[in-house]
Structure formats: C-alpha cells, structure tokens
Amino acid sequence: MNRLADIESGTGPFPTVKNAVDGASKGASETMPAEVLAAWEKLQDVATQLRSVIRGKDDVVELVLTALLAEGSILLEDVPGVGKTTLAKSVALLIDMEYQRIQCTPDLLPGDILGGSIYRPAVGEFEFRPGPVFCNLLVADEINRASPRTQSALLEAMAETQVTIEGQRYDLKHPFIVIATQNPAGFEGTFPLPESQLDRFLFRLKMDYPDPVSEVDLLVEQSEHEPVRDLTAVMHVDELEILQRWVRSIRVDRKVASYIVALATATRHDGRLRVGCSPRGCKMLLRAAQAHAGLSGRDYVLPDDVQHLATATLGHRVSSRHASHAMDETGQVIASIVSQTEIPLGG
C-alpha cells in the first residue's frame, strides 16, 4: 500500500510538513535553545525580505535558505535576466556574509579565482594574494562559460574547503558556499559541467520566468529604484553558523532513512536512467532534509521533507539514457519515482 495518501492527509505515522510549518513558531520556541531560536527568527526575516525582492519565486527562496542551512552550494540554471545574480547578492547582503563575484569567461584562469604569489621587490620575497574564493559566499556567474580547467579548480575548492597553491595549503573561510549560475545547454560558448562536478552542488535549481502579476509588481517597483539597494543585514554570519550546527543534530528516524534508500534504489533500477543515485547522493538528500526541517522550525525530519527536496537534490545526480540529458527530463523521472515509491514502515 502506498503511504503518500496517509502522509498528505496527516493520518499516517508522521505529521505533514504543512501542519508542522503552520505551528512552526510555537514548536520552535518549545524545542530550540535560546540562541538557536533567536537566529532562526532572524532567518525568517531574511526569507521575508528575499521574497520582497525576488517576486513570485517563494519556492526558490525556500530552497536557497535550505541550502545555506545544509552548508550546500547551489547551481542556478536558466536564461539570462531572470534574477539569478540578484538573488545571490541579496542573500549576502541580508546575512552580512563576505561576498565575492566572478564573471566566468573562456579566458578566466584558475589563479584568477584561487589567488597566487606576488613578488614584492621592496622586501625581496613573494607574498600570497588570496583570490575571490576566500570569502563566505562566492557567486560564479555563467560558470559554464569558464574552461574545464578553471571549472575544475573552483569545484575542487568547493569539495575540499581548502586550496593548494604552489605546494602550500590554505583553508577557506567557514561557512563557504558557492552560488553558481549557468545558461542552459546550447547557448553559444558554453562548456557543460561534467557529472562528477555537478555532484558538488547540493541543489540544481531553475529560476524560470516570473508570473505576469509578479513581473508587473517588479516593473513598478524598479521604475523608481532597485530594491536590492535598500537591503541591510538582519543576520550575522555567526548566527547562520549557529543554525548550521543545530541542523546537524536534527533527528532522523530510521523509517525516513529507509525511505531515502528506497528512492535511491528505485533510481538504480529505473530503465529511463543510465546512472542512478549514489550513496553520496543519499547523504546529500538526508542533509538537505534536516535543513528543511530546521527551516520549518522542527527538530525532526519528515518523509515530506525528503519528497519536497528529492528533485532538486537528485535530478543532477542521475543520468538519462537519452543523449539530451535535459534538466527537466531527469527531474520528471525523479518526481515519478517519488510518487510511486512507498514509505517504508519497518525499522
């Protein structure tokens, strides 16, 4: 028997995400330590202000904040001009994160991102000059316009949270999160990210065009000024770290872990896919589900958290048998698997 109907109706073994969110403030105040609750309330303010700048994209805002709590990087894929860079810059302003932006081009070199040694004649020695990667939030615009060598340098830094330059190892700042944007495959002058490097991103998201009402609101507001210029920090990066540590302690029932493995197993046996979800993909989905629970004010994970995040987390970690390997295609396969997979009841 499929347990999705029970989950959606709230009659099964778990409450629904909607019910949990409706009572989030009350539940949060009862279960969170005081410093966590104070930081969580500020994060809700961040969410409110982001939604006022990024009109009609509440789902994207939610996923971006979930990724921040999970200490995960994000790949935003869509056509130019839909607000990808504005979203990233707004996050950095509202959370008072040290922010750097790089515009990726075919002639961008690894040293332009990582930094390097500069000779100082006055003292007769070399001095290390850190590159833009030494920050809390790095925005890599149009990452698929950079050469494969430069892409690899950035994505290795993401994976290791440190860089080695001329034999010397340097730790990156904590937290270190990358929000990369890319144009869809087929745009002129793009170098598609290989599957192994796509796996470095927690989520792969599509911004898409705003709905007509939201676009009208956006035009009216921006006819006089840019809303981003009005943003000021409402949260400090230290408070984000408090939430990130708390998220790691959020409870995961064995049934939820079994459900994640059931989804992964289904991808490995699905005839539409060439490569299924790896064990690392399962770990990333679990981490994202913990973060989503935390964003909702809960100290426990629901199957609904997993369902809600499965496409964004797993869609770029599986490969279609078709040559196109389109983002929409793999996303549809994951959504289909989620709808057909039973939630295990055994421990």
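Which of the pairs LYS57/LYS283; LYS42/LYS255; LYS57/LYS255; LYS84/LYS255; LYS84/LYS173 have their Cα atoms more than 30 Å apart in this structure?
Result: LYS42/LYS255; LYS57/LYS255; LYS84/LYS255 exceed 30 Å.
Using square roots of five times the C-alpha gyration tensor eigenvalues, list the equivalent-ellipsoid semi-axes of segment 192-307 in whole Å, biggest first.
In descending order the semi-axes read 33, 23, 14 Å.
Consider the candidate values (1) 18.8; (2) 17.3; (3) 20.6; state which one is mean projected area of the Cα convex hull in nm² computed from the structure displayed.
Derived directly from the coordinates: (3).
Which one of LEU231, VAL53, SER336 has its Cα pushed farthest toward the positive end of the charge dipole of the chain, where Lys and Arg give +1 and Asp and Glu give -1 at the Cβ?
SER336
Could you give the dipole magnitude of segment 102-250 about its Cα centre, charging the beta-carbon of Lys and Arg +1 and that of Asp and Glu -1, in debye to the nearest 20?
It comes to approximately 660 debye.
What residue among LEU93, PHE128, ILE118 has its Cα farthest toward the positive end of the dipole of segment 76-136, where the charges are +1 on Lys, Arg and -1 on Asp, Glu, each on the Cβ?
So the residue furthest toward the plus end is LEU93.
Rounded to the nearest 0.05, what FRET efficiency do GLU156 and SER319 have when you use their Cβ-Cβ distance and R0 = 22 Å?
It comes out at approximately 0.50.
Assign unit charges at the C-beta atoms only (+1 for Lys and Arg, -1 for Asp and Glu), then state the dipole size of segment 142-223 relative to its Cα centre in Debye, rounded to the nearest 20.
The dipole of segment 142-223 has a size of about 380 debye.
Could you order the peptides 120-132, 66-78 from most to least packed, using the average number of other C-beta atoms within 10 Å per residue?
Highest-to-lowest ranking by the protection proxy: 66-78, 120-132.
Is segment 65-212 best put as rounded, prolate or oblate by its Cα gyration tensor, with a ≥ b ≥ c the root eigenvalues, rounded for a/c under 1.5, and otherwise prolate when a/b is larger than b/c, oblate when not?
Prolate is the answer for segment 65-212, as a/c is 1.5 or above and a/b outweighs b/c.
How large is the charge dipole for the chain, taken about the Cα centre, if only the Cβ atoms of Lys, Arg (+1) and Asp, Glu (-1) carry charge, to the nearest 20 debye?
The calculated dipole for the chain is roughly 1160 debye.
Express in nm, to one decimal, how much length is gained between ASP211 and TYR170 on full extension, taking 0.36 nm for each residue of separation and deducting their alpha carbon distance.
10.3 nm
Could you work out [θ]222 nm for the chain from helices alone, using -39500 (n - 2.57) per DSSP H run of at least four and dividing by all its residues? Round to the nearest 500 deg cm²/dmol.
About -14500 deg cm²/dmol.
Can you tell me which of VAL213, VAL53, VAL275 moves the most in a GNM of the chain? Springs connect C-alpha atoms under 10 Å apart.
Of VAL213, VAL53, VAL275, the most mobile in the Gaussian network model is VAL213.
How many angstrom lie between the Cα centre of segment 93-150 and the Cα centre of segment 275-322?
If we compute the Cα centre of each part, the gap is 31 Å.
Of PRO210, GLN182, LEU193, whose Cα points farthest to the positive end of the dipole of segment 102-218 (charges on the beta-carbon: +1 Lys, Arg; -1 Asp, Glu; origin at the Cα centre)?
It is LEU193, whose Cα lies furthest towards the positive end.
Would you kindly state how much longer the chain becomes between ASP328 and ALA38 on full extension, computed as 0.36 nm times their sequence separation minus their alpha carbon distance, in nm to one decimal?
Full extension of this stretch gives 100.6 nm more.
Apply the a/c threshold of 1.5 to the C-alpha gyration tensor of segment 252-346 and tell me whether it is rounded, prolate or oblate.
Note, shape of segment 252-346 comes out prolate.
What helices does the chain have that are whole DSSP H segments, at least 27 Å long along their own axis by Cα, and with mean Kyte-Doolittle hydropathy of 0.0 or more?
34-53
Every read-out reported here was derived from the displayed coordinates using simple, explicitly stated rules and does not represent laboratory data. Since we're looking at a predicted model, the values are computed, not measured. Counting neighbours? That spans all protein chains shown, and the Cβs are built from the backbone with ideal geometry, glycine included.
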